[in-house]
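Taking it in order: structure first as structure tokens, then the write-up.
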Amino acid sequence: MKFALIQERKNPPDRRVVLSPLQAAGFESAFAKAELLVESSPIRIFEDASYSNEGLTVTADVSHADVMIGVKEVPVNALIPEKKYFFFSHTIKKQPYNRDLLRAILDRKIELYDHETIVDENNSRLIGFGRYAGLVGAYNAFRALGLRDELFQLPKVNDLADFESVKKELLKIKAELPPINIIATGTGKVAGGIREILEVLEIHELTPKEFLQLAHFKNEQTVFTQLDVEDYYVRKDGLKPTKTECYNNPELLESDFKKFSAVGDLLITGHFYGDGAPYFFTKEDIKSDQFNISLVADVSCDIDGPIACTIRSSTIENPLYGYDPMTEKEVAFKTPRSITVMAVDNLPCELPKDASEGFGEMFLEHVFPAFFNNDADGILERARMTTPEGTLTPRFSYLEDYVNEAKTKF
């Protein structure tokens, strides 16, 4: 079976790749029946020569491969009919901007395996860039703090070589951190990345209950607390919700985040937000004198969603903007009484080498073996969104109305 690492063609350019040169060479060695081609790319974090030096075939034409493996969406005009494709399609939530892409995939009888749909039997994701989103997002939070308050200067992650360089830069500013109260949300891979940054800075952790006590006295050190769903949601009947209820029965819930926003100065989000769940805070909540948060690093980045001051995504080039609570409009991020927002939606792109290597490890462990063991664990079958006949698989049949609304047939 022939596999191909395809060139990333989406703009803005993404330098990530699913396998590093060493991982690609190891894959070919581990699976005797596999052949791996590398499509030539001028932007990939690893140069073509680094793959060639590992004995891999680098070519401008990979059309004879069976399985195409990329990171971001493949433009419609680059899709090759009747192939298997792996990439982030951003269609499983019925995103309007990629409706035509999924329509084209069906019309061209392509088998699509979205990286987001690669899950175990408990529906837990097996691969992703979540850790790296958390790492970069949390770093960017402190970079924003230094810039806004003119405390210190941190370079952009995008200008650093790797995560080791990131840690070295953070250690330089550790002693310059002001006494602020930091809230981190989530418990998954994104939240784990956020936590790594907080640990590099050796910031003292408080339980949520301890954190709320800061409302009664002046804090003189940098502290953080990490919140899970049971901490910031309550049931409408006043009872404490279970985690299962928080994820599966959002209609029972309402936000209890106000008690934390009255104490926190900096919010770094790493939570999962499900359809129908209550907002953490609304635009009206932000107008309250009791709302204390003045800087938000919204790693989760749900636009006009649970974090009401995230009114648009930002970019690696210009990652910060301000939100004026009174006018509900965007302002310059240093504007007095505004909330500084960092809402870059492609954070792992800033650490392309580390992110690629980490992603490759997960892909080698969970995905490639399924091609050679008759998909013994059901990895491929669960992930497969479309069939060679041009139809949606039963697991993704809920997208039928979505693709039927596409304006174009391909």
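The values are calculated or read from the model by the stated rules, or taken from the named source; none is laboratory data. Because the structure is predicted, anything quoted here is derived from the model rather than measured. Quick reminder, even Gly has a Cβ in these numbers, built from the backbone with ideal geometry, and neighbours come from all protein chains shown.
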| message | Looking only at the range 388-410, filter to residues that are within 27 Å of the chain's Cα centre (by Cα) and part of a loop (DSSP other than H, G, I, E, B); which one of those is modelled with the highest pLDDT? | response | 393
| message | Between a residue in the range 107-118 that is closer than 12 Å to residue 74 by Cβ and surrounded by fewer than 21 Cβ atoms within 10 Å (Cβ to Cβ) and any residue that is of a type outside the set (Val, Ile, Thr) and modelled with pLDDT under 95, which pairs come within a Cβ distance under 7 Å, given they are 6 or more apart or on different chains? | response | 108/410
| Residue among 87, 46 that alone is closer than 17 Å to residue 349 by Cα, within 21 Å of the chain's Cα centre (by Cα) and of a type in the set (Phe, Trp, Tyr) | 87
| query | Quick one: would you say residue 60 is buried (at least 16 other Cβ atoms within 10 Å of the Cβ) and at pLDDT 95 or above? | reply | no
| message | Go through the range 143-158 and report how many residues are assigned to a helix (DSSP H, G or I) and either touching a helix residue (DSSP H, G or I) at 6+ places or on another chain (Cβ under 9 Å) or not charged (D, E, K, R) (or both). | response | 7
| request: Could you tell me which residue of the range 124-133 is surrounded by the most Cβ atoms within 10 Å (Cβ to Cβ), considering only residues that are in contact with a helix residue (DSSP H, G or I) (Cβ under 8 Å, 6 or more places away or on another chain) and not in a helix (DSSP H, G or I)? | output: 129
| note | Looking across the range 300-320 at residues that are in contact with a strand residue (DSSP E or B) (Cβ under 9 Å, 6 or more places away or on another chain) and hydrophobic (A, V, I, L, M, F, W, C), the single one that is nearest to residue 340 (Cα to Cα) is 320
| request: Could you pull out the residue among 210, 251 that is more than 30 Å from residue 334 (Cβ to Cβ), modelled with pLDDT under 95 and not in a loop (DSSP other than H, G, I, E, B)? | output: 251
| field | Residue among 136, 62, 74 that is in contact (Cβ under 8 Å) with a residue 40 or more places away in the chain, aliphatic (A, V, I, L, M) and in a helix (DSSP H, G or I) | value | 136
| task | Considering only the range 1-37, state which residues are modelled with pLDDT of 95 or more and aromatic (Phe, Trp, Tyr). | result | 3, 27
| task | Output the residues belonging to the range 254-268 that are farther than 26 Å from residue 175 by Cα and in a helix (DSSP H, G or I). | result | 258, 259
| task | Filter the range 367-382 down to residues that are among the aliphatic types (A, V, I, L, M) and touching a Leu at 6+ places or on another chain (Cβ under 9 Å) and give me whichever is surrounded by the most Cβ atoms within 10 Å (Cβ to Cβ). | result | 379
| message | Going residue by residue through the range 221-236, is there one that turns out to be under 23 Å from residue 345 (Cα atoms) and part of a loop (DSSP other than H, G, I, E, B)? | response | yes
| query | Which one is surrounded by the most Cβ atoms within 10 Å (Cβ to Cβ), of the residues in the range 238-248 that are touching a strand residue (DSSP E or B) at 6+ places or on another chain (Cβ under 9 Å) and in a loop (DSSP other than H, G, I, E, B)? | reply | 241
| task | Take residue 273 and decide whether it is within 30 Å of residue 327 (Cβ to Cβ) and either assigned by TED's automatic domain parsing to the domain that holds residue 181 or touching a Gly at 6+ places or on another chain (Cβ under 9 Å) (or both). | result | yes
| Restricting the range 161-178 to residues that are touching a residue at least 60 places away in the same chain (Cβ under 8 Å) and aliphatic (A, V, I, L, M), the residue that is surrounded by the most Cβ atoms within 10 Å (Cβ to Cβ) | 166
| message | Anything in the range 280-308 that is assigned to a loop (DSSP other than H, G, I, E, B), of a type outside the set (D, E, K, R) and within 21 Å of residue 211 (Cβ to Cβ)? List them, or say none. | response | 280, 288, 290, 291, 292, 293, 294, 299, 300, 306
